[in-house]
Amino acid sequence: MSKNYDVSENTLIRTRKFMSNRLLCRKQMVVDILHPGRCVLSRNEIREKLAKTYKTSPDVVFAYGFRTQFGGGKSTGFALVYDSLDHAKKFEMKYRLARNKLVTIPPKGRKLKKERKNKAKKIRGTKVKKTKKDS
């Protein structure tokens with residue numbers, strides 16, 4: 001269990017269930033954050049502190065799924081630390097890459113969404129999935 005305590009902000013970051021995943025070139029862990037008397041840390045702050053702990057850049061750290069316990073003061077979530085930015089772009093989901101501003105996903109037009117919705121309404125059963133993939 002590693003700890004990263006910041007006295008000025010009165011926060012403690014603990015990692016547990018640490019696992020080195022060589023197949024996906026990453027380290028994965030459960031992150032516990034103790035923040036008594038303070039609101040939840042932002043995802044960017046968590047990324048920076050974990051990057052400092054694991055001696056890497058914040059670009060390859062992905063923190064997600066944080067939930068604050070009832071009453072506040074403690075949050076729990078997950079973190080992935082990739083070996084390199086190339087591995088992160090290869091294995092990480094597109095929406096998480098977009099959250100961390102590593103890729104930009106262009107917004108789809110209203111008309112396209114509407115056409116796909118109406119097309120899916122006309123087709124029933126397993127064929128719906130095929131039409132969604134085609135569009």
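What follows draws every value from the coordinates through simple rules; no lab data is involved. Keep in mind it's a predicted model, so treat the numbers as computed, not measured. Cβ: placed from backbone, ideal geometry, glycine included. Neighbour counts: every protein chain shown.
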- Among (1) free of Cβ contacts under 8 Å to residues at least 24 places away in the same chain; (2) surrounded by fewer than 10 Cβ atoms within 10 Å (Cβ to Cβ), where does Gly37 come up short? (1)
- Message: Report every pair of residues separated by at least 6 positions or lying on different chains whose Cβ atoms are under 9 Å apart, first residue within region 78-102 and free of Cβ contacts under 8 Å to residues at least 12 places away in the same chain and surrounded by 12 or more Cβ atoms within 10 Å (Cβ to Cβ), second among the hydrophobic types (A, V, I, L, M, F, W, C) and assigned to a loop (DSSP other than H, G, I, E, B).
- Response: Leu97/Val103; Leu97/Ile105; Ala98/Ile105
- Message: Just to check your reading of the model, which residue among Lys49, Lys27, Lys90, Lys74 is more than 12 Å from the chain's Cα centre (by Cα) and more than 15 Å from Ile13 (Cβ to Cβ)?
- Response: Lys90
- Task: Just give me the residues in region 100-123 being part of a loop (DSSP other than H, G, I, E, B) and of a type in the set (A, V, I, L, M, F, W, C), in sequence order.
- Result: Leu102, Val103, Ile105, Ile123
